[in-house]
Amino acid sequence: MQKQTIEYTSPLDALVAVAKRLSIYESRQQLSSEDFFNQYSQGQLGDDAQFVEWANDYRHYLALRQDLEERLRDAA
């Protein structure tokens, strides 16, 4: 699997893109990303490449969301 690097013009654009990817995983697996990540973190799911990508996307989503929330708090 070849890694692809995508650069976004803003953290909000990145958040939207990651959220769209999470939505695809969720509809395929019929499971919310939060529930998936809890199960994955507890070792209840395998280390399938798709699960690893999903977990990484979810971690990225959480980091982006936290960054945006902090920026909004600072701007207020």
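Being assigned to a helix (DSSP H, G or I) and of a type in the set (D, E) is true for just one of D47, D35. Which residue is that? Criteria check complete, one pass: D35. If you go through the range 42-54 and keep only what is more than 18 Å from I6 (Cα to Cα) and surrounded by 11 or more Cβ atoms within 10 Å (Cβ to Cβ), you end up with L45, Q50, F51, V52. Applying the criterion of being of a type in the set (A, V, I, L, M, F, W, C) and part of a helix (DSSP H, G or I) to the residues of the range 59-76, the residue that is surrounded by the fewest Cβ atoms within 10 Å (Cβ to Cβ) is A75. Within the range 62-76, no residue that is farther than 17 Å from L22 by Cβ sits with its Cβ atom under 8 Å from a residue that is of a type in the set (S, T, N, Q) and assigned to a helix (DSSP H, G or I) at 6+ positions apart or across chains.
None of the figures in this text is laboratory data; all of them are computed from the coordinates on show. Values in this document were obtained by computation on a predicted structure and should not be read as measured data. Positions of Cβ are backbone-derived with ideal geometry, glycine not excepted, and every protein chain shown enters the neighbour counts.
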